[in-house]
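In what follows, a structure is listed as structure tokens, so that the remarks can point back to it.
The values are calculated or read from the model by the stated rules, or taken from the named source; none is laboratory data. Because the structure is a prediction, the values reported are computed rather than measured. Methodologically, a virtual Cβ is constructed for each residue, glycine included, from the backbone with ideal geometry; neighbour enumeration extends over all protein chains shown. Just so you know, the surface numbers come from the protein's heavy atoms only, side chains and all, with ligands and any DNA or RNA stripped out. Shrake-Rupley method; radii C 1.70, N 1.55, O 1.52, S 1.80 Å.
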Amino acid sequence: MSDNKIFVTQPSLAPLEEYVEILKGVWERGILTHNGPLVQQLEKDLESKLNLDYMTVVSNGTIAIQMAIKALELKGEIITTPFTWVATVSAIKWEDCTPVFCDIDPDTLNIDPAKIEALITDKTVAIMPVHVFGNPCDVETIAAIAQKHNLKVIYDAAHAIGSSYEGRSLLNYGDISATSLHATKLLNTAEGGGCITTNAALDAKLKRIRFFGHDENKDVVEDGFNGKLTEVHAALGLANLKYYDEVLEDRKKKYQYYRELLNCIEGVQFQDVKVGETNYSYFPIIFESEEQLLKVEKALNTSDIFPRRYFYPSINTYTKVVAYQACPVSEDISKRILCLPLFLNLEKEEQEKICKIISSL
Ligand SMILES: *Cc1c(COP(=O)(O)O)cnc(C)c1O
């Protein structure tokens with residue numbers, strides 16, 4: 001970086017030469033998009049790296065959620081969490097469905113499964129939980145509720161590449177998991193995303209939807225649109241994938257170091273993460289009050305350190321786009337949670353400096 005500012009994240013990037021090497025093939029072939037060889041390679045490599053049955057990579061994570069809704073032909077109410085990025089909810093709305101907010105568990109920060117059933121009506125068609133900060137949702141209880149009420153489950157798994165549940169990639173859960181390959185995520189293609197499913201027919205449908213609804217004979221058989229990832233983006237994904245293990249391991253080490261450094265501070269709380277299953281992709285810290293958070297944020301900013309208030313505000317309070325439904329836990333946590341800088345090039349000394357500032361207040 002050209003200055004000394006430390007932001008909440010920095011994209012993980014392979015050495016430029018390695019990216020350029022892959023790009024040479026793109027120039028030689030003259031194929032830039034339309035399910036090109038690098039897109040297919042990226043899908044294959046991610047499937048084998050993460051042990052997935054089927055993955056369809058797409059142009060971004062928001063489109064991945066929309067495509068999941070489209071593929072499952074959902075029309076009605078979708079129960080989701082207000083403690084998320086606004087894209088979860090805008091994707092639901094763009095597919096003409098209605099978001100219904102279910103409050104979160106104050107410890108895991110994920111949707112509270114005990115509060116889902118009370119929200120089910122005759123219009124409910126699906127549940128869309130988010131694996132918040134990569135921490136696995138209670139996938140078994142959610143699957144049981146869905147089965148009992150004949151609902152679909154789509155996971156917003158934007159944070160969940162690298163997370164697992166009982167030894168399997170977390171992306172295998174739900175009818176479809178939608179992930180993101182955005183610049184700020186653990187693995188990135190600059191912009192990008194993907195739909196993951198264990199159902200071959202559903203995967204084929206997702207691939208048709210991605211390509212204007214065409215089948216192999218270019219007949220339009222599906223209400224599709226353009227969800228394609230380009231070869232240039234896939235090339236970046238392939239280059240970055242080589243460093244995926246290193247990034248994953250590094251996140252865990254840095255997460256643990258933060259915990260060590262912050263453990264003795266009074267009045268702060270941490271997300272209750274599933275050890276060995278979360279990918280430690282973010283480092284959220286929950287303060288006693290918003291006042292304390294603002295004090296810490298200001299002190300860090302003064303030292304050119306810029307953490308982010310993820311997720312703030314709670315999406316159910318965005319009354320310009322959604323009807324307000326009270327979710328007191330999410331509203332409360334949103335005001336008190338701050339994500340500290342966490343990325344590959346963050347130095348130990350920088351972590352120490354950040355924690356020293358926090359503990360001095
Ligand atoms: C990043 C993110 C998305 C959207 O992904 P894009 O690739 O940026 O469209 C959706 N949900 C959550 C929780 C995210 O963090």
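Please give the Cα centre distance for the stretch 217-283 versus the stretch 111-128, rounded to the nearest Å. Comparing the Cα centres of the stretch 217-283 and the stretch 111-128, I get a distance of 27 Å. Each of Leu361, Ile265, Ala157 was placed along the dipole of the chain (beta-carbon charges, centred on the mean Cα), and the one lying farthest toward the positive end is Leu361.
Give, rounded to the nearest 20 debye, the magnitude of the charge dipole that the chain has about its Cα centre when Lys and Arg contribute +1 at Cβ and Asp and Glu contribute -1 at Cβ.
The calculation lands at about 440 debye.
The packing ranking of peptides 230-240, 193-203, 348-358, highest mean first, is 230-240, 193-203, 348-358, where packing means the average number of other beta carbon atoms within 10 angstrom of each residue. Of the solvent-accessible surface of the chain, computed with a 1.4 Å probe over protein heavy atoms with every protein chain present, carbon and sulfur atoms account for 51 percent. Ellipticity at 222 nm from helices only: DSSP H runs of n ≥ 4 in the chain, each -39500 (n - 2.57), divided by the residue count, give -11500 deg cm²/dmol. Multiplying each eigenvalue of the alpha-carbon gyration tensor of the stretch 117-191 by 5 and taking the square root yields semi-axes of 25, 14, 9 Å, largest first, rounded to whole angstroms.
Taking 21 Å as the limit for the C-alpha separation, the pairs Lys207/Lys228; Lys123/Lys205; Lys242/Lys274; Lys75/Lys148 exceed it in the case of Lys123/Lys205; Lys242/Lys274. Rounded to whole Å, the principal axis extents of the Cα atoms in the stretch 16-241 read 57, 40, 28, largest first. Between Thr98 and Gly76, Glu77, Ile78, the built amide H atoms are under 5 Å apart, and every one of these is 5 or more places off in sequence or on another chain.
Averaged over its residues, the stretch 16-241 has an accessible area of 40 Å² per residue, based on protein heavy atoms and a 1.4 Å probe.
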